[in-house]
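Starting off with a structure, shown below.
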Amino acid sequence: MKNPVGPILRMGDEVEQVIAAIEDDNPGTDIEVIDRGAYVRVQGENQIIVTEQTLRRYLGADFEIASFGALMSAFSGRAITTSDAITWRSYARPGSGDGAGDHRAPHGEVPA
């Protein structure tokens, strides 16, 4: 995977459900899951998303996207949060294929 992005989840009861939600929200995208014991890296190429609606299907109707941060120990890429989703995007310049890019975070984005 040239530009992997996504959350690094703390090991816990919700990990399998979160992985399933990410897979559901990213049809046609290969999602790679790397179990490191204490944490699980979930990643896709260039961009993946998870929505509050899908997380609620797996984690219960009361789950709020704002609490997703408590499930993560870190992430790779840029994390872009909205009131109902989190998107992880690559820093790579479009079309460059070099993995380099502007590491300044635009408004509303948190750098990795």
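All of the numbers you see were taken from the coordinates with simple rules; none came from a lab. These numbers were taken from a predicted model, which means no experiment stands behind them. Positions of Cβ are backbone-derived with ideal geometry, glycine not excepted, and every protein chain shown enters the neighbour counts.
At a Förster radius of 30 Å, what calculated FRET efficiency corresponds to the Cβ-Cβ distance of ALA74 and GLN53, to the nearest 0.05?
Result of the calculation: an efficiency of 0.75.
I've got another one for you. Would you please give the residues with an amide H less than 5 Å from that of MET11, counting only those at least 5 places away or on a separate chain, with H modeled from the backbone geometry?
It is TYR39, VAL40, by chain and number.
If I model a spin label at GLU64 and MET11 as a point 7 Å from the Cα along the Cα→Cβ vector, what separation in nanometres do I get?
Distance between label points: 3.0 nm.
Shifting gears a bit: Check ALA85: other-chain or 5+ apart residues with amide H under 5 Å from its amide H, H built from backbone geometry?
Correct list: GLU52.
For ALA20 paired with ARG36, estimate the spin-label separation in nm (one decimal), with each label point 7 Å from Cα along the Cα-to-Cβ line.
2.5
Show the residues, 5+ positions off or on another chain, whose built amide H is closer than 5 Å to the amide H of SER76.
GLY6, ILE8
Gain in length, LYS2 to SER83, computed as 0.36 nm per residue apart minus the alpha-carbon separation, to one decimal in nm?
Residue separation times 0.36 nm, minus the Cα-Cα distance, leaves 26.2 nm.
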